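Enquirer: Let me give you the structure first, and then I'll get to my questions.
The values are calculated or read from the model by the stated rules, or taken from the named source; none is laboratory data. Predicted model, so just to flag it, every value in this text is computed and none were measured. Cβ: placed from backbone, ideal geometry, glycine included. Neighbour counts: every protein chain shown.
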Amino acid sequence: MRKTWLAYPYTLWMLLFTVIPMGLLIYFSFTTNSGTNTALTWTHFQRFFEPIYLKVLLRSITLAAISTVICLLIGYPAAMILNGSSLKYKNTMITLLVLPMWMNFLLRTYAWLTLLERKGIINSLLVAIGLNRLDLLYNEFAVILGMVYNFIPFMILPIYSVLNKIDRSLIEAAEDLGANPVITFIKVIFPLSLPGVLSGITMVFMPAVTTFVISRLLGGGQITLIGDLIEQQFLLVGDWNFGSAISLVMIVIILITMGFTSKYEREQTGGGLW
Amino acid sequence: MADHLINLINVSKEYNGTKAIKNINLYVRKNEFITLLGPSGCGKTTTLRIIGGFEYPTDGQVLFEGTDLTVLPPYRRKINTVFQKYALFPHMNVFENIAFGLKIKKIEPKIIAEKVGRILELVCLSGYEKRSINSLSGGQQQRIAIARALVNEPEILLLDEPLGALDLQLRKDMQLELKAMQQRLGITFIYVTHDQEEALTMSDTIVVMNKGQIQQIGTPVDIYNEPKNAFVAGFIGESNIVSGIMLEDFLVEFAGCKVPCSDQGFATNEPVDVVIRPEDLKIVDETEGIFKGSVKYVTFKGVHYEMIVEAHGMDWMIHSTRLRPAGMKVGLKVDPYDIHIMKKVAANA
């Protein structure tokens, strides 16, 4: 007999925290309240496609994309080093990589505040060696830095896990057939690690495009991202309907990206996270 | 030296202080089919990997046509390998796999297509160019792996237990095909296996290895008929191996009997290993035999019966086409020239 009752707590959990909120989100985004009447409407979505909001969306996507690219450029070589190192080193390195994640996300981001401030550690050092202070905080640079810092483990780990699974004999076969290390990388290692790269990209891009904490703290309100916009609608403006509509648009965007990557991964056979 | 394609000179390899191979000296002639044979962990794969360039020896030298290539990386050697688990690139189709080496050499696409077509014909897989690797059976993948190596026209082809994953019938077919291919193409094959039958079937020369050392080098016939020590005798074919004492030239004592033999040159009363092939022990009437005993088990093996006869406190294996039922009292006889006397080897004791 299959113990289907074991799934009940999970079903309940899903119902309470996913299905019902999603239902509410859809309900709010398509309705409008005037006094006691509730009416169906498209206006929230129409409003979102006004230039001012589209600009926010574009900025969010741009910053998230830049962060993802930087994460990939740093993360791929890091994953390769991790994979190439001996077992003894490997565990230490993975621990060091994961260690910051044991700390609260907010705390980690606050730490950057003290580093980047006008009177922070980095600027003090610059002054001490006779250079000018830099404006490191409350700009796009700081936001990107925060994103890269917070999300880079999600790029390194899936790439590492795929690299780790590549059969050593495939690399030897490439060398055997005359490929030097560069050609071996381009023709064998990189194509075989693509599922990990795709997982990494999704896992970095998704939280980066929806974050509001990083832009709030490190952007100092100068840089409004889509996440900030949603937060404002709910907590400051109190326009739950518009906030829900923006959230729904974001969900659709994310589903589309995930659809693309998972389709590609199925063609590539395995190795990814979904 | 003139026709020696590969020379291994005093080659040793250590892994974390333990020696995988010790002082290997070996030469391979042009157009030779040479097999490294031994149980797992005997160092045969390590030796092959050193020739391929995937491992560098801790000590010693590897010469290729007289020039040193001890520390040359694999991609600069005129050697190709067929890997144990084929190691075909899963993200490429059959054509791309086979063309991999040729593309790196920047050969014209037209010629590449031609060569791939011809090599696919050779391995009987014409028309498979566009197939994905995962859609092929084990035997087909095996052929593609061989084609991918051969298309580069190497001087030497290394094969690391290439038939290990195939079923018996396919393995036997491939053995003959590989041998035929080697003779037709005139390429030197260095083949690694733990299957003595495979080695005997295909090789011009067999190198028997154990515990990182070469035990014997010779033709299949030599190795089978004149094994150098008890290990080789035990590993190649089946053997009865018993301890004995060489009383004088042409007389050996074992199993409590003094038996005439054809060997000489041992010290008086030197302890030796006595090796008798199961097909050389003859079952006769109880009164005529050197040894007397009774049949313990009988197994039907197809061409012959394998009988275990208990005599003089030990079990003897006998292959014969004539069945004696279990429990029957019998005598055992052996001709002097079928008794092989070998010096005791401490390492194998």
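Enquirer: Name every residue in the stretch B:76-119 that is touching a residue at least 60 places away in the same chain (Cβ under 8 Å), more than 9 Å from chain A (Cβ to nearest Cβ) and touching a helix residue (DSSP H, G or I) at 6+ places or on another chain (Cβ under 8 Å), in order of residue number.
Expert: B:V82
Enquirer: For residues in the stretch A:170-215 being surrounded by fewer than 18 Cβ atoms within 10 Å (Cβ to Cβ) and free of Cβ contacts under 8 Å to residues at least 12 places away in the same chain, which is nearest to A:C71 (Cα to Cα)?
Expert: The selected residue is A:F190.
Enquirer: Regarding B:G293, is this residue among the small types (G, A, S), without any contact (Cβ under 8 Å) to a residue 40 or more places away in the chain, in a strand (DSSP E or B) and not assigned by TED's automatic domain parsing to the domain that holds B:Y224?
Expert: Criteria met by B:G293.
Conditions tested, residue by residue: (1) surrounded by fewer than 22 Cβ atoms within 10 Å (Cβ to Cβ); (2) under 30 Å from B:C124 (Cβ atoms).
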position	(1), (2)
B:R184	yes, yes
B:I190	no, yes
B:D204	yes, yes
B:K211	yes, no
B:P227	no, no
B:S243	yes, no
B:G265	yes, no
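Enquirer: I'd like to check something: does the stretch B:255-267 contain any residue that is of a type in the set (A, V, I, L, M) and touching a Lys or Arg at 6+ places or on another chain (Cβ under 8 Å)?
Expert: No: the stretch B:255-267 contains no residue that is of a type in the set (A, V, I, L, M) and touching a Lys or Arg at 6+ places or on another chain (Cβ under 8 Å).
Enquirer: Restrict the check to the stretch B:157-175 and report whether at least one residue is surrounded by 15 or more Cβ atoms within 10 Å (Cβ to Cβ), in contact with an Asp or Glu (Cβ under 9 Å, 6 or more places away or on another chain) and within 23 Å of B:H4 (Cβ to Cβ).
Expert: Within the stretch B:157-175 (the criterion being surrounded by 15 or more Cβ atoms within 10 Å (Cβ to Cβ), in contact with an Asp or Glu (Cβ under 9 Å, 6 or more places away or on another chain) and within 23 Å of B:H4 (Cβ to Cβ)), the answer is yes, since at least one residue qualifies.
Enquirer: Here's another thing I want to ask about it. In the stretch A:176-183, is there at least one residue being touching a Phe, Trp or Tyr at 6+ places or on another chain (Cβ under 9 Å), away from chain B (no Cβ under 14 Å) and of a type in the set (D, E)?
Expert: The answer is no; no qualifying residue exists.
Enquirer: Going by the conditions given, is A:R108 touching a helix residue (DSSP H, G or I) at 6+ places or on another chain (Cβ under 9 Å), among the basic types (K, R) and part of a helix (DSSP H, G or I)?
Expert: In short, yes.
Enquirer: So, B:P278, is that one at negative phi, in contact with a helix residue (DSSP H, G or I) (Cβ under 9 Å, 6 or more places away or on another chain) and assigned to a loop (DSSP other than H, G, I, E, B) or not?
Expert: no
Enquirer: What tally of residues in the stretch B:120-156 results from selecting those that are within 11 Å of another protein chain (Cβ to nearest Cβ) and without any contact (Cβ under 8 Å) to a residue 60 or more places away in the chain?
Expert: 4
Enquirer: In the stretch A:63-81, is there at least one residue being in the same structural domain as A:L192 (by TED's automatic domain parsing) and either basic (K, R) or not in a helix (DSSP H, G or I) (or both)?
Expert: Checked against the condition, which is being in the same structural domain as A:L192 (by TED's automatic domain parsing) and either basic (K, R) or not in a helix (DSSP H, G or I) (or both), the stretch A:63-81 yields no hits at all.
Enquirer: I would also like to ask the following. Restricting attention to the stretch A:4-34, report how many residues are assigned to a helix (DSSP H, G or I), small (G, A, S) and within 23 Å of A:G243 (Cβ to Cβ).
Expert: Residues that pass the stated criteria total 2.
Enquirer: Then there is this: Every residue in the stretch A:161-175 that is of a type in the set (G, A, S) and within 14 Å of chain B (Cβ to nearest Cβ), please.
Expert: Within the stretch A:161-175, A:S169, A:A173, A:A174 qualify.
Enquirer: Oh, and also: Could you say which residue among B:V309, B:V334, B:V303, B:V330 is more than 13 Å from B:N240 (Cβ to Cβ), buried (at least 16 other Cβ atoms within 10 Å of the Cβ) and hydrophobic (A, V, I, L, M, F, W, C)?
Expert: Answer to the selection: B:V330.
Enquirer: Across the stretch A:125-158, which residue is nearest to the chain's Cα centre (by Cα) among those that are exposed (fewer than 14 other Cβ atoms within 10 Å of the Cβ) and assigned to a helix (DSSP H, G or I)?
Expert: Top of the filtered list is A:L125.
Enquirer: Within the stretch B:1-9, identify whether any single residue is within 14 Å of another protein chain (Cβ to nearest Cβ), touching a residue at least 60 places away in the same chain (Cβ under 8 Å), of a type in the set (A, V, I, L, M, F, W, C) and crowded, with 20+ Cβ neighbours inside 10 Å, and answer yes or no.
Expert: No, the stretch B:1-9 has no match at all.
Enquirer: Please go through (1) over 20 Å from B:L48 (Cα atoms); (2) at pLDDT 95 or above for B:V207 and return the number of the only condition it doesn't satisfy.
Expert: Unmet for B:V207, out of (1) over 20 Å from B:L48 (Cα atoms); (2) at pLDDT 95 or above: (1).
Enquirer: Cβ-Cβ under 9 Å, sequence separation 6+ or interchain: first residue in the stretch B:52-66 and modelled with pLDDT of 90 or more and buried (at least 18 other Cβ atoms within 10 Å of the Cβ), partner part of a loop (DSSP other than H, G, I, E, B) and of a type in the set (A, V, I, L, M, F, W, C). Which pairs?
Expert: B:G53/B:L69; B:G53/B:V71; B:G53/B:L72; B:P57/B:V71; B:V62/B:L69; B:V62/B:V71; B:V62/B:L72; B:F64/B:L72
Enquirer: Tally time: how many residues in the stretch B:10-19 are surrounded by fewer than 21 Cβ atoms within 10 Å (Cβ to Cβ), of a type outside the set (D, E, K, R) and part of a strand (DSSP E or B)?
Expert: Looking only at that region, the number is 4.
Enquirer: Now, a different point. Can you work out which of the residues in the stretch B:269-300 that are within 25 Å of the chain's Cα centre (by Cα) and crowded, with 18+ Cβ neighbours inside 10 Å is nearest to B:K344 (Cα to Cα)?
Expert: B:D273
Enquirer: Shifting gears a bit: On the basis of being without any contact (Cβ under 8 Å) to a residue 12 or more places away in the chain, surrounded by 13 or more Cβ atoms within 10 Å (Cβ to Cβ) and more than 30 Å from A:L25 (Cβ to Cβ), does A:K90 make the cut?
Expert: Yes; evaluated as a whole, the condition is true for this residue.
Enquirer: Okay, next question. What tally of residues in the stretch A:185-229 results from selecting those that are among the hydroxyl-bearing types (S, T, Y), within 16 Å of A:V56 (Cα to Cα) and either in a helix (DSSP H, G or I) or within 14 Å of another protein chain (Cβ to nearest Cβ) (or both)?
Expert: Going through the stretch A:185-229 one residue at a time, the tally reaches 2.
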